[in-house]
């Protein structure tokens with residue numbers, strides 16, 4: 001048996017989608033915004049942020065277990081660094097009201113933010129980050145955001 005680990009590369013979004021699929025297929029939610037509309041929506045939200053906001057922050061991480069090395073990479077939509085801490089912002093675009101977004105999708109979106117937060121805590125060597133999930137309704141450019149509990153250094157991100 002070789003001492004060289006088997007290496008697998010995966011993007012954060014792919015990892016979360018593979019590990020966190022649940023619930024029914026909600027095609028009304030899935031197909032309502034096109035990719036280009038989503039990109040433009042992200043750009044509008046990012047352009048509206050000021051101060052220490054950094055957009056599209058690259059993150060990387062690795063885990064090794066049982067002879068397998070997993071290399072995880074991604075881009076955080078936004079990172080805000082202030083005197084009271086670091087916030088990771090995950091932006092999602094939609095054409096439905098936030099309360100109409102199925103819980104299975106919301107929990108998958110939070111899981112994606114949590115993986116980004118975990119990778120950022122490790123790379124920045126900070127004690128904790130706060131997670132913020134922002135939904136942009138493309139019908140009227142209204143934003144709805146919620147904050148999660150701080151993700152602390154050394155905590156595990158569970159994808160279930």
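Every number here is computed from the coordinates shown, using simple stated rules; none is lab data. Because the structure is predicted, anything quoted here is derived from the model rather than measured. Counting neighbours? That spans all protein chains shown, and the Cβs are built from the backbone with ideal geometry, glycine included.
Tabulated values for the structure
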quantity	calculated
Separation in nanometres of the label points that stand 7 Å from Cα toward Cβ, at residue 58 and residue 4	2.5 nm
The chain: calculated mean residue ellipticity at 222 nm from DSSP helix runs of at least 4, using -39500 (n - 2.57)	-9500 deg cm²/dmol
Mean Cα-pair separation over length for segment 10-152, i.e. relative contact order, pairs under 8 Å, 6 or more apart, %	25 percent
Least to most buried among 104, 83, 123 (fewest other Cβ within 10 Å first)	83, 123, 104
Residue exposure sequence - 15, 131 - by fewest surrounding Cβ within 10 Å	15, 131
Residue among 136, 120, 71 with the largest mean-square fluctuation in a Gaussian network model of the chain, springs linking Cα atoms under 10 Å	71
Dimensions in Å of segment 10-152 - Rg and Dmax from alpha carbons	15.4, 50
